[in-house]
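First the structure, in the form of structure tokens, and then the observations on it.
The values are calculated or read from the model by the stated rules, or taken from the named source; none is laboratory data. What you see is a predicted model; the values in this text were computed from it and never measured. Positions of Cβ are generated from backbone atoms using ideal geometry, with glycine treated the same way; all protein chains shown enter the neighbour counts.
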Amino acid sequence: MKARVFIGLIGLTAVAALSGCSSAGSDTPGPLHASGMIEATEVHLPSKLGGTVTEVYANKGDVVRAGEKLLSVYASGTSGSAGMNEAITSPINGVVLERTIEAGEDASPGAPLIVVADLSTLTLTVYVPENRYGQIALGSSYPVTVDSFPGESFTARVSHIANQAEFTPRNVQTVEGRQTTVFAVTLDLDPSGGKLKPGMPADVTFFQNN
């Protein structure tokens, strides 16, 4: 059983877009807009022994509970030893995102066969410039929008701000280049009634004095 957090491939393309500017004659910065990818905790479940899949109990999109059996795999014995049945179960409550094998097919040891995700706790990670991250408050809530639901706003709370900056590109020495030094900011999304999904691009607006 191998757990990992789904990574949304936002990389450096998720650096905040500074479309908000300070007003004339004011030192107060305008809203900071940043983009990223919605993520969920995913568990990729392999067969430890390898063998033939004898039973399939869950399909893509099924809601499963922790401990629920998802697959049965029969590992044939060698050198006269008896074969073994292996039950692959879900370690979490979640939804089946993917199943890569059917009954009767052979599974290699360690190869992921089924993916379960906890869709109840979605997160959004964005990258903000060093000269603007100070306006983001840990624990504060900010509005999030997605293309799939135009005109609708969702709420996310800042749960983590990186302690160390990342450079884009690395080893930049100029003043202009240092402005591309970024901090990763993670937000926990409020429940959306199933509207928000892992892999969705999303935009967050950080308002000053939020």
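All of (1) at pLDDT 95 or above; (2) part of a strand (DSSP E or B) hold for Pro91 with one exception: (2). Within region 116-137, the presence of at least one residue that is within 22 Å of the chain's Cα centre (by Cα), assigned to a loop (DSSP other than H, G, I, E, B) and not assigned by TED's automatic domain parsing to the domain that holds Arg65 is confirmed. Within this structure, Gly104 passes the test of being of a type in the set (Gly, Ala, Ser), farther than 21 Å from Glu39 by Cα and either outside the structural domain of Leu32 (by TED's automatic domain parsing) or part of a loop (DSSP other than H, G, I, E, B) (or both). The C-beta contact set for region 150-179 (first residue surrounded by fewer than 11 Cβ atoms within 10 Å (Cβ to Cβ), second residue at pLDDT 50 or above and not in a loop (DSSP other than H, G, I, E, B), distance under 6 angstrom, 6+ apart or interchain) is empty.
Given the options Ser148, Ser159, Ser140, Ser192, name the one that is of a type in the set (S, T, N, Q), at pLDDT 90 or above and over 29 Å from Val63 (Cα atoms). Spell out the reasoning first.
Working: Ser148 fails: over 29 Å from Val63 (Cα atoms); Ser159 fails: over 29 Å from Val63 (Cα atoms); Ser192 fails: over 29 Å from Val63 (Cα atoms).
Sole residue among the options that is of a type in the set (S, T, N, Q), at pLDDT 90 or above and over 29 Å from Val63 (Cα atoms): Ser140.
Restricted to region 48-75, and to residues that are charged (D, E, K, R) and touching a residue at least 24 places away in the same chain (Cβ under 8 Å), which residue is surrounded by the most Cβ atoms within 10 Å (Cβ to Cβ)? Among those residues, the one meeting the criterion is Asp62.
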